[in-house]
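*Asks:* A single structure is presented below for examination.
The values are calculated or read from the model by the stated rules, or taken from the named source; none is laboratory data. As the structure is a prediction and not an experimental result, all values here were calculated from the model. Because the Cβ atoms are built from the backbone with ideal geometry, glycine has one as well, and the counts that use them run over all protein chains shown.
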Amino acid sequence: METRQGKIKNNIIIIILTGAFLAFTGYMGYLTGSKNGSKKLYKTKCETFQKTEAHLERTYDETTIRKRALEVKIKTYHYSFKIDGQYYTAEKTSVLDKPEESINVWYDVNNPSDNEVEDPCEKYNSIKNEKEGNYLIIQLFGILAILLFIYNVFSLIKNTIVLGTNSAISKFSKKNK
């Protein structure tokens, strides 16, 4: 018959193993699932966004990033474009001191303030053949590991309480004899 100390030891071993497995499945999910929804988003933008030309405004924001002796100045240039008589702005970040005078902008026809300076069709074409984290078997094993982990944590708590209670009862009964 297994002792309480043996049960506690087994609970700890199982908790460590399932914790390591959960860390592994979480990392796999991070690697494979980080693009979830990107295909659909860029496909929709590719189908609905329109292209226009935006012209450079004379203002820009500058951010300096320093790391030890290295210093990089990043400029965010502001561009404006006109749709149906109304002006909208777009931004492009660059390390160049001399920006482009005009750039292409892709905008949502229903909301031109939702715009991008990169072609959504190019983005979609670059990721359309990539997998999007549909590793169902790993996810199922991950769910089972979570349940096993939770069960063993509660079992560890129960066995520790029972062991402590049994120790207290045995010490109390020895004192009363």
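*Asks:* V109 versus (1) on the phi > 0 side of the Ramachandran plot; (2) modelled with pLDDT of 90 or more: which is the lone unmet condition?
*Replies:* Every condition holds for V109 apart from (1).
*Asks:* While we're on this one: Looking only at region 58-114, count how many residues are aromatic (F, W, Y) and in contact with a helix residue (DSSP H, G or I) (Cβ under 9 Å, 6 or more places away or on another chain).
*Replies:* Total satisfying the criteria: 1.
*Asks:* Still on this structure, I have one more. Conditions: (1) at pLDDT below 85; (2) touching a Lys or Arg at 6+ places or on another chain (Cβ under 8 Å); (3) part of a strand (DSSP E or B). E132 meets all but one. Number of the miss?
*Replies:* E132 satisfies every listed condition except (3).
*Asks:* Going through V109, V72 one at a time, which residue ends up being outside the structural domain of F154 (by TED's automatic domain parsing), in contact (Cβ under 8 Å) with a residue 60 or more places away in the chain and either within 30 Å of V153 (Cβ to Cβ) or surrounded by fewer than 17 Cβ atoms within 10 Å (Cβ to Cβ) (or both)?
*Replies:* V109
*Asks:* Would you confirm, using the coordinates I've provided, whether K171 is part of a helix (DSSP H, G or I) and among the basic types (K, R)?
*Replies:* yes
*Asks:* Would you mind finding the one in I146, I103, I127 that is touching a Leu at 6+ places or on another chain (Cβ under 9 Å), surrounded by 12 or more Cβ atoms within 10 Å (Cβ to Cβ) and within 19 Å of C46 (Cβ to Cβ)?
*Replies:* Among I146, I103, I127, only I103 is touching a Leu at 6+ places or on another chain (Cβ under 9 Å), surrounded by 12 or more Cβ atoms within 10 Å (Cβ to Cβ) and within 19 Å of C46 (Cβ to Cβ).
*Asks:* Return only the number of the condition from (1) surrounded by 14 or more Cβ atoms within 10 Å (Cβ to Cβ); (2) under 30 Å from A23 (Cβ atoms); (3) at pLDDT 80 or above that Q139 does not satisfy.
*Replies:* (3)
*Asks:* Can you tell me which of T59, T44, T32 is at pLDDT below 85, among the β-branched types (V, I, T) and not in a strand (DSSP E or B)?
*Replies:* Just one listed residue meets the conditions, T32.
*Asks:* Next up: Of all the strands (runs of 3 or more DSSP E) wholly in region 73-116, which have at least 2 residues that are β-branched (V, I, T)?
*Replies:* Per the criteria, 86-94, 102-108.
*Asks:* Under 29 Å from the mean Cα position of the chain (by Cα), surrounded by 10 or more Cβ atoms within 10 Å (Cβ to Cβ) and at pLDDT 90 or above, is that true of Y88?
*Replies:* No, not satisfied.
*Asks:* Separate question: With respect to T25, determine if the residue is crowded, with 16+ Cβ neighbours inside 10 Å, at pLDDT below 80 and in contact with a Lys or Arg (Cβ under 9 Å, 6 or more places away or on another chain).
*Replies:* no
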